[in-house]
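The values are calculated or read from the model by the stated rules, or taken from the named source; none is laboratory data. Treat the numbers as computed from the prediction; the structure is a model and nothing was measured. All Cβ positions, even for glycine, are placed from backbone atoms using ideal geometry, and neighbour counts span all protein chains on display.
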Amino acid sequence: MTTAASTAHRDRLEAAILDYNGVLGIHPGSAHWKALAELAGWAPQDVKAFQKAFWQRRTAYDEGTITTEVFWSGLLRSGLVAPPGSPLLAALTHADTQMWTTVDPAVLDVLHAAHRAGTPLVLLSNAPLALAAALDSTNWCRTLFTKTVYSARIGVNKPHRRAYEAALAAAGWPAPERTLFADDRADNVEAASSLGLRGYHFTGDADELARQLIQGAGQLAGHL
Ligand SMILES: [Mg+2]
């Protein structure tokens with residue numbers, strides 16, 4: 001006979017692995033993109049073209065296979081150059097980092113509740129080294145996350161399986177079926193689910209995230 005208690009035990013989360021941007025991190029707004037494009041020498045009417053070029057180069061930058069200088073060298077216009085050590089490269093890196101660092105307070109509250117309830121949390125983010133360092137230096141990161149795993153540090157982006165394996169290793173190899181993986185990109189969630197993790201496609205609903213984190217366990221009851 002399956003009792004409620006044994007069901008709760010079977011379903012109890014051992015750990016949760018969370019994407020950063022689009023889950024805890026809020027996407028940059030148009031003002032951020034416009035400012036970054038202008039800093040890189042693009043005309044205001046060309047911000048959309050800048051964004052397209054930015055994302056075309058981002059995969060390699062997130063994976064850590066090209067340097068910050070190389071990333072920006074292909075994105076500069078108006079005759080600008082930004083060699084290593086230059087004020088412009090520092091300004092571009094700073095602006096590019098800062099625009100990804102705003103967090104959603106509602107999601108933060110949910111993660112604090114999960115943390116108080118004792119669920120180990122691991123951050124798994126496709127992010128370049130500069131952003132990784134900035135996120136690791138925040139109070140919320142130091143408080144909430146047992147470990148952080150960034151693509152540029154491991155040399156591979158989600159949805160490659162090695163990214164999830166690195167996160168599971170960081171979490172101490174919990175049972176995948178008792179590990180929640182939350183991400184705002186469906187392809188990342190599908191890849192996690194194919195490896196046996198409890199995939200959850202986050203679409204901006206912090207209450208639903210809270211339900212996913214307490215699913216089957218009741219472990220957060222009284223903490224939210
Ligand atoms: Mg994301």
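Summary table below
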{"quantity": "Qualifying positions in the range 41-65 - touching a helix residue (DSSP H, G or I) at 6+ places or on another chain (Cβ under 8 Å) and at positive phi", "calculated": "G64"}
{"quantity": "Elements of type strands (runs of 3 or more DSSP E) in the range 114-224, at least 1 residues being within 30 Å of I66 (Cα to Cα), more than 14 Å from the ligand (Cβ to nearest atom) and modelled with pLDDT of 95 or more", "calculated": "121-125, 147-150"}
{"quantity": "Unmet criterion (only one of (1) of a type outside the set (D, E, K, R); (2) in contact (Cβ under 8 Å) with a residue 24 or more places away in the chain; (3) buried (at least 19 other Cβ atoms within 10 Å of the Cβ); (4) within 29 Å of G196 (Cβ to Cβ)) for L75", "calculated": "(4)"}
{"quantity": "Qualifying position, being over 28 Å from G196 (Cα atoms), of a type in the set (D, E) and out of contact with any His (no Cβ under 6 Å at 6 or more places or on another chain), among D62, D109, D19, D46", "calculated": "D46"}
{"quantity": "V107 vs. criteria within 14 Å of the ligand (Cβ to nearest atom), of a type in the set (V, I, T) and within 24 Å of R178 (Cα to Cα)", "calculated": "yes"}
{"quantity": "Selection within the range 12-62 - of a type in the set (S, T, N, Q) and not in a helix (DSSP H, G or I)", "calculated": "N21"}
